[in-house]
1. Heavy-atom accessible area per residue, the chain, 1.4 Å probe: how many Å²?
2. Computed on alpha carbon atoms, what radius of gyration and Dmax characterise region 9-143, expressed in Å?
3. Note the direction-averaged projected area, equal to a quarter of the hull surface, for the Cα convex hull of region 296-399, in nm².
4. In nm, give the distance between the simple-model label positions of Glu122 and Arg267, each being 7 Å from the Cα along the Cα-to-Cβ direction.
5. I need the P(r) histogram for region 341-444: all alpha carbon pairs, bin width 5 Å from 0 out to the longest distance, whole percents.
6. Gap in Å between the Cα centre of region 260-293 and the Cα centre of region 149-180?
7. Of all the accessible heavy-atom surface of the chain, with the other protein chains kept in place and a 1.4 Å probe, what percent is carbon and sulfur?
8. What is the set of long-range amide H partners of Ala317 at a cut-off below 5 Å, with H atoms built 1.01 Å from backbone N?
Amino acid sequence: MARKRIGMTPHLVWRKETGYRLNGIVSGMVDGQMRLYLSGTRSVSGHRESAVFCLSAEGETVWRTQLAEAAEERLACVFPNLIDDPFLGLCLFYSFGSSDNACPRPGYARLVRAESGDVVWEARTRSHHAGNGSCIAADLDGDGRLEIVWWDSANVYCSDVSSGHLRWEYSDRVQICHGRPALARLRGSPAIIVGTEYSNPDGTSSVLALDGSGRALWRKDGFPEDLGSTPVILADTDHDGRDEFVIAGLDLVHHDNRETSFLWCFRDDGELAYTAPCGCGGLAVARVRGELLAAGITNTRDGGNSGAREVRLFSLATGELKHSHPVPRAYLDAQNPVAADLDGDGMPDFLLATGNPGGYGNDPAIPPCADVYVVRADGATLWAETFPNYIHQPFVSDVDGDGRNEMLLPCGDGSLYCIRTPGIATGSVWPCTGGSYSRWYSVT
C-alpha cells in the first residue's frame, strides 16, 4: 500500500521488540514517570505462554511477569486496566486463562501494584476462559470504597478492590468474549450495562443492566447478532440528558451469513432506539462541531457478507452513514480505533487499522499485515502506512510529556512502535480500555 501524508508528518521515536504477539495498552503515572502497560502471547516449542509488561516512556522494560510455564498454555488478557485506589495506590488489573479446551485449567484474575507487578490479590474464575481483562472500578454501594466489576466468558463478578473479596456474581446466560461493559447511571445510581454473545438457548444475544448489588434492572433478549464481542458505548444521542447505549453487533465468523452487521442503540430502559447497517466492529467516538461521530473500518469476517472494504463514519445519534470510501484491503478491524487530534488543528481525527493476524483469526489466504490510517472527521485520509502484522489496539497518548500526541502501535510480530504526531495532546493517562468506562476510545 502506498504511504500517504496529507497535512501530517509523523516521526518514529522508538521501536521496541518484545518477542510477544501484543495486545492492548494502558498508561499511568508512577512517581511522576509515565508508564505503559501491555500484554502479549508467544509460542514456545509449540505451546503458548503469556506475559504482562510495564514499560517506560522510552520503551524500556521496567518489569515483566511471565504468567506460567509454556506447557500450561496460559493466555493473557487482551485489555489490562489501571485502577487508582485511594488506599492501595495505582494498581494494574489483568486476567489469564487456559487455551486447552480438552483439559482446561482454572482461569485467574489479578490485581498487582503498578510500580512493581507485585500481587495484591488473585481470584480464580469459574470459566477457564478467564475473560478479556476489561473491568469497571467504582464505588457501587456508596460506602466510599471502590469495588471492581470484572468478567470471564460466562460470569460477571464484583469484588472489593482492596481485598479481592467476592461481593456478588451474575451468571444468568452471560457470554462475553471481547465485549467491554460500560458504567452508566440509571435511576440516579451506578449500573453496569452488559452485552452478550449468542448466550440464550435459541442462539440469540442479550443486553442487560445490573445494579450495584448485581441485580438485573432489566434484560432484553432475542437479538440475532453477537453483542458480547465489542464495547458498550455510552452517549446521550438524543440530547435528553440521559445516556443511550450503542453496540456494534457482529455476525461472528459469518454466523448467520448476514449481508451486513448492525449498530444497535438502546434507551436507558433497554428499549431499542434504532438499528442501522454498520459492518464495523471497533468504533471510535468523538464530538465534532456538536455532532457525535463514530468511525471504523469494515470487518469482512464478522461484519457481514457484503464484501465492502471501506472506512466508514456514522452519526451516533441516528446510525446514518455520513461518509465512506474504499480501502485496498480489509479483514479484521482493530478492536480499539482511537479518536484524537493527530494533525495539530485541535480537531478530532480517527486512528483506524485493519489487517490479518498471524495467530488467532488468521486468514491463510492473506499474509499477516496491518494497514493503519489517520482519517479526518470529514473522511479525508491524512496518513496511511502498512505494518508487518495485525495491530489489535492502536493507542494515543502524550507519552513523553511534550504536549503532543504519540501513536503507539502494538504489532502482532512483537514490535511496538512509538510515533510522534503534531497532534495537540489533552492528557497523558489512559487507565482503561476505551479511555473511560463510557468506552468512547477518545482522547479529545
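The values are calculated or read from the model by the stated rules, or taken from the named source; none is laboratory data. The shown structure was predicted, so the numbers you read here are calculated from the model rather than taken from an experiment. No Cβ is skipped: glycine too gets one built from the backbone with ideal geometry, and neighbour counts run over all protein chains shown. Remember, those area values only see protein heavy atoms, side chains included, never the ligands or the DNA or RNA. Shrake-Rupley method; radii C 1.70, N 1.55, O 1.52, S 1.80 Å.
1. Details: 15930 Å² over 444 residues.
Dividing the accessible area of the chain by its residue count gives 36 Å².
2. 15.6, 50
3. Working: hull surface 29.3 nm².
Answer in nm², one decimal: 7.3.
4. That separation, rounded to one decimal, is 4.8 nm.
5. With 5 Å bins starting at 0, P(r) equals 3, 13, 21, 22, 20, 13, 6, 2, 0.
6. Result: 25 Å between the Cα centres.
7. On the way: 7630 of 15930 Å².
Carbon and sulfur atoms account for 48 percent of the accessible area of the chain.
8. Amide H neighbours of Ala317, under 5 Å, 5+ apart: Leu292.
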